[in-house]
Structure formats: C-alpha cells, structure tokens
Amino acid sequence: MRVLITGGCGYIGTHAAVELVAAGHDVVLLDDLGNSRREAAERVAAIAGASVPLEVGDCADRGVLEGVFGRWRFDAVMHFAGLKSVGESVREPLRYYRNNVDGLLSVCEAMAAHGVRRLVFSSSATVYGDPDRVPVDESAPLRATNPYGGTKLVGERVLRDLAAADPGWRIGVLRYFNPIGAHESGLIGEDPEGVPSNLFPFIAQVAAGARDRLLVFGDDYDTPDGTGVRDYLHVVDLALGHVAALEHLDAAEGLSVFNLGTGTGTSVLEAVAAFERASGRRVPYEVAPRRPGDIAVCFADPGRANRELGWSARRTVDDACADAWRWQTKNPRGYVG
Ligand code: WQD
C-alpha cells in the first residue's frame, strides 16, 4: 500500500515510516517542520534504502492537502501530526484543540474527498487519565485530565462517528503508553525542542553531561520505590504495532481500538538504573516535589493487540536505553547537528 504519514518527520512518524517500507509499503511524509527537521526524512530514506518523498505543509490546511492528494494516490493514512506536550497543553488549550482537532478533521475530509478510507490514528493512554486499576485495557473509562488528552478524546469521538456514518471506513485507533528508545542504527530518534518534559530524553541528556541532574518528580507515590510507574514501550515495537494495525484494517469492520504497551510497569528509579547500565554513565538525580497532573501508576493490558493484531512488544527497557544512548551519542544536538 502507499501510505501518507502526517507528522512523518516526528519521533513516531519516522520510525513508522522505516517499518512500513521494511514491510513492503510505499510512504509519503507530510510535515510542517514546526517541531521537526527535514533531515529526519533523509535519515529515514537512508535506513529504508528507498525513496521517501517529503511534502512540507500543515495538514490542517485543506489547500496543502488538496495538493498532496492530487499528486499521490494513497491507499491509507497514518495520522501522527499534532502537538503532544501535556504541560504546554494546559497553558495553551485553544492552540492544542485548534491544531490537533482541526488537523484530524482536515485530513479526514481530504481522505473522503479522494476516496481514501483507511486510517490509523495516533491516540494516547492519556485518554484514560488516572485509571481505577492496572493493567489498563481498552474498556477502561475515558477521562482525560489535560487538554492534550482532551484533543485525543475528541479525535477518537470524531472517528467513531465517522465510522458509524460510513461503513466504508476502516479505522485503527492506537493508544500509546510511553514510547522510548530509537532505531538501532542511531540515525533517527527522539529530538525534543528545548528542555525535555519526558523522562527518557531528559535522562539521556544527563547521562551525556548536557544536564547536571534529573529531578525525580516525587518519591512518595504508592509504588514499590515511591516513584512513578509507567509502561515504557520501545518506539520500534510501537512502529511495528502500526504496521500490524494497518494490515489488520480490512479484517475488521469500522473502528477498532488497541492499547500499545508492554504490559509491564517500570519506575523512574528503575529507568535511571537501566540507563546507567546501558550507557556506563551515572545519572545523578534529586528528588523534587510531584509534578502537577502526574499519576502514580499506568501500564497497559495489551491483550487485544496481542490477540487481534498478532503484535506484542519484543524489546525491553534495557534495549531501549541502549538504542537511545546510541542516538544520543551520535547526535548530541539531535538532527540540527
Ligand atoms: C514519566 C514519569 C514523571 C520527567 C506523557 C504524556 C503521554 C505521552 C508520554 C504523548 C512520570 C517522571 C518525568 C522528569 C520525572 N505523550 N519524570 N522527571 O507523563 O507518563 O506521559 O508523555 O503521547 O501522553 O502524558 O511521561 O516521561 O513525562 O513522565 O521524574 O524530568 O517520569 O513524574 O512518573 P508521562 P513522562
């Protein structure tokens, strides 16, 4: 299939592009380069050993989409484009709803206009808010606790209504837990703007000496070592989950939802120890107050994806630390370097 990847120069989009090509699909990347670099597309092509066209533009702009859909005939779309910082979304909710919801609406309208009705949508475990119990399965209550999660909830509702209105649509909604790591080549990886808000890129920068220490946001949670527990999923396993979901679309009617996670929780201090093992570097840390909005524990029940997609995470947190360290040391300034 030929697949349009919106946000294709981003962290997840690049890794998905590599695995789609490896699985025999053709890809076209669409990215506004607002939070990513053109270099990422060139690295994807280098890894894939194939042409990876890049269209530069805003996926919320219908004129841009008409041009892209006029130049290429797509069989499916993977929609990654969007703003994704929880903290920033709390400060700028209107910008987040405008960007994330408008982008999805515009992409779906362009798809419908051009007879393309296979879609894989990048959602997030954030839609579960603070789950009543773990592991979290797809039937858990949806109650986002921040505007970023709210945009994902709205997006999922739009798609559910679209699939109900037109049974010709085949939609996979993928709720990611915490993506980490990088492709084993060290050519693509996570390249956050400014100070990383997520744990793993921050740890990597401390290990590299780019930051002096990690602040551990709270060690008084009801967890084995008192620090927050999450489901850290290797980004290559996440990308392979997208390929599996795409290839499953025709097997299921309408819209399907899948949690993509390992099913295992890892604490902040366990993550620090894993990164120290992988890098051979110390990661100094200091315990700080809890971060507002953080929850204690969240990890997936990936049983539905295991059963229906034949997908499960194969890589460990240690694998992800080794791959992230290789990306960090080969690209100390990310793609700019
Ligand atoms: C993980 C743990 C922190 C940074 C968010 C979004 C989610 C997804 C991934 C987009 C927590 C602790 C962190 C630090 C720390 N993004 N931490 N010091 O908050 O689970 O999930 O990012 O899809 O939707 O909600 O990820 O990496 O920010 O935090 O102690 O400097 O690390 O308290 O326990 P989070 P995170």
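Could you figure out which of (1) open to solvent by 50 Å² or more (accessible area, probe 1.4 Å); (2) in contact with a helix residue (DSSP H, G or I) (Cβ under 8 Å, 6 or more places away or on another chain); (3) at pLDDT 95 or above; (4) within 21 Å of Val243 (Cβ to Cβ) isn't true of Arg43? In the conditions (1) open to solvent by 50 Å² or more (accessible area, probe 1.4 Å); (2) in contact with a helix residue (DSSP H, G or I) (Cβ under 8 Å, 6 or more places away or on another chain); (3) at pLDDT 95 or above; (4) within 21 Å of Val243 (Cβ to Cβ), Arg43 misses (1) alone. The residue list Glu190, Glu138 contains one member that is of a type outside the set (A, V, I, L, M), farther than 30 Å from Gly280 by Cβ and open to solvent by 10 Å² or more (accessible area, probe 1.4 Å), which is Glu138. Scanning segment 36-65 for residues that are in contact (Cβ under 8 Å) with a residue 24 or more places away in the chain, part of a helix (DSSP H, G or I) and under 26 Å from Gly194 (Cα atoms) gives Arg38, Glu39, Ala40, Ala41, Arg43, Val44. Report yes if Leu33 is at positive phi, more than 16 Å from the ligand (Cβ to nearest atom) and at pLDDT 95 or above, otherwise no. Yes, satisfied.
Scanning for something in a helix (DSSP H, G or I), closer than 23 Å to Ser197 by Cα and in contact with a strand residue (DSSP E or B) (Cβ under 7 Å, 6 or more places away or on another chain), does segment 154-172 turn up at least one residue? The answer is no; no qualifying residue exists. The set of residues from segment 109-132 being of a type outside the set (Gly, Ala, Ser), away from the ligand (no atom under 12 Å from the Cβ), part of a helix (DSSP H, G or I) and open to solvent by 10 Å² or more (accessible area, probe 1.4 Å) comprises just one member, Glu109.
Scanning segment 134-152 for residues that are modelled with pLDDT of 95 or more and within 12 Å of the ligand (Cβ to nearest atom) returns Pro147, Tyr148, Gly149, Gly150, Thr151, Lys152. Scan segment 113-136 for residues that are out of contact with any strand residue (DSSP E or B) (no Cβ under 7 Å at 6 or more places or on another chain) and touching a residue at least 24 places away in the same chain (Cβ under 8 Å) and jot them down. Ala113, His114, Thr126, Gly129, Asp130, listed by residue number.
Scanning segment 215-273 for residues that are more than 16 Å from Asp294 (Cα to Cα) and of a type in the set (Ser, Thr, Tyr) yields a count of 3. Within segment 149-178, residues that are under 21 Å from Gly261 (Cβ atoms) reach partners that are part of a helix (DSSP H, G or I) and of a type in the set (Asp, Glu) with beta carbons closer than 6 Å, at six or more positions or on different chains, in the pairs Val173/Glu156. Of the strands (runs of 3 or more DSSP E) lying entirely inside segment 228-337, those containing at least 1 residues that are away from the ligand (no atom under 16 Å from the Cβ) and in contact with a strand residue (DSSP E or B) (Cβ under 6 Å, 6 or more places away or on another chain) span 254-260.
Here Val195 passes the criteria (1) within 30 Å of Tyr335 (Cα to Cα); (2) at pLDDT 95 or above; (3) more than 17 Å from the chain's Cα centre (by Cα); (4) not in a strand (DSSP E or B) except the one numbered (2). Can you tell me which residues in segment 19-33 are open to solvent by 10 Å² or more (accessible area, probe 1.4 Å) and assigned to a helix (DSSP H, G or I)? Across segment 19-33, the qualifying residues are Glu19, Val21, Ala22. Screening segment 74-94 for residues that are part of a helix (DSSP H, G or I) and within 16 Å of the ligand (Cβ to nearest atom) and picking the one that is most open to solvent (accessible area, probe 1.4 Å) gives Arg91.
The values are calculated or read from the model by the stated rules, or taken from the named source; none is laboratory data. Just so it is clear, the model here is predicted, and its values are computed rather than measured. Methodologically, a virtual Cβ is constructed for each residue, glycine included, from the backbone with ideal geometry; neighbour enumeration extends over all protein chains shown. Just so you know, the surface numbers come from the protein's heavy atoms only, side chains and all, with ligands and any DNA or RNA stripped out. Shrake-Rupley method; radii C 1.70, N 1.55, O 1.52, S 1.80 Å.
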